[in-house]
Amino acid sequence: MSFQTPGDTGPARPGLPLTGQRRRLALSGLKGQVARGRDFTRQALADWNWPAGQDPHGQSTADDVLLVVSELLANACLHAGGPHELVLTASADGLRVEVLDGDSTVPVLRSPYEPGRPGGHGLHIVQKLADRWGVTPVQGGKSVWLEFAAGRLSA
């Protein structure tokens, strides 16, 4: 696990350094990767005072973040030989989550989407809950990433 502070991103919020912060969790070869990643993310959100933004139904945006982190990590386990690393980048603009794996195959939304059919829901959940998501090729694999705007994470 490591912490870094990227370039200046604007005004600080309580718990978040002025320059933002990047946290990395190495996951290669570990057991319980999904649970470890979820716990790592939960702690980071708490440290950054981003635990409580809620939608009209009382659902916490932090819960949405934890769900999509779990989905990305589970997809990497099921389809890409396991995640290598989880990277969280917080700034005044919001939160970026990246899951890096060693498979260059780009994930695709299952179509047609069948809500009652088991499996194939992960990327649909990510698409519905995150503000943006995508895939970036990296050396030796890919990064599946998503972003949440800061306003959704405000306490």
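Every condition in (1) surrounded by 17 or more Cβ atoms within 10 Å (Cβ to Cβ); (2) modelled with pLDDT of 95 or more holds for Pro107 except the one numbered (2). Among the residues of the stretch 105-140, the ones that are closer than 28 Å to Ala44 by Cβ and charged (D, E, K, R) come to 3 in all.
Within the span defined as the stretch 77-93, one or more residues are of a type outside the set (Asp, Glu), touching a strand residue (DSSP E or B) at 6+ places or on another chain (Cβ under 8 Å) and part of a helix (DSSP H, G or I).
The one condition from (1) open to solvent by less than 90 Å² (accessible area, probe 1.4 Å); (2) touching a residue at least 24 places away in the same chain (Cβ under 8 Å) that Pro137 does not meet is (1). Taking the stretch 122-155 as the range and being of a type in the set (Val, Ile, Thr) and at pLDDT below 95 as the test, the residues that pass are Ile125, Val126. In the stretch 61-104, the residue that is surrounded by the most Cβ atoms within 10 Å (Cβ to Cβ) out of those that are over 13 Å from Ala44 (Cα atoms), touching a residue at least 60 places away in the same chain (Cβ under 8 Å) and small (Gly, Ala, Ser) is Ala76.
Of the residues making up the stretch 14-57, those that are modelled with pLDDT under 60 and open to solvent by 40 Å² or more (accessible area, probe 1.4 Å) number 5.
The values are calculated or read from the model by the stated rules, or taken from the named source; none is laboratory data. All values reported here derive from a predicted model rather than from experimental measurement. Cβ coordinates were reconstructed from backbone atoms using ideal geometry, including for glycine residues, and neighbour counts include every protein chain displayed. Accessible surface is based on the protein model in full, side chains and every heavy atom, while ligands, DNA and RNA are left aside. Shrake-Rupley method; radii C 1.70, N 1.55, O 1.52, S 1.80 Å.
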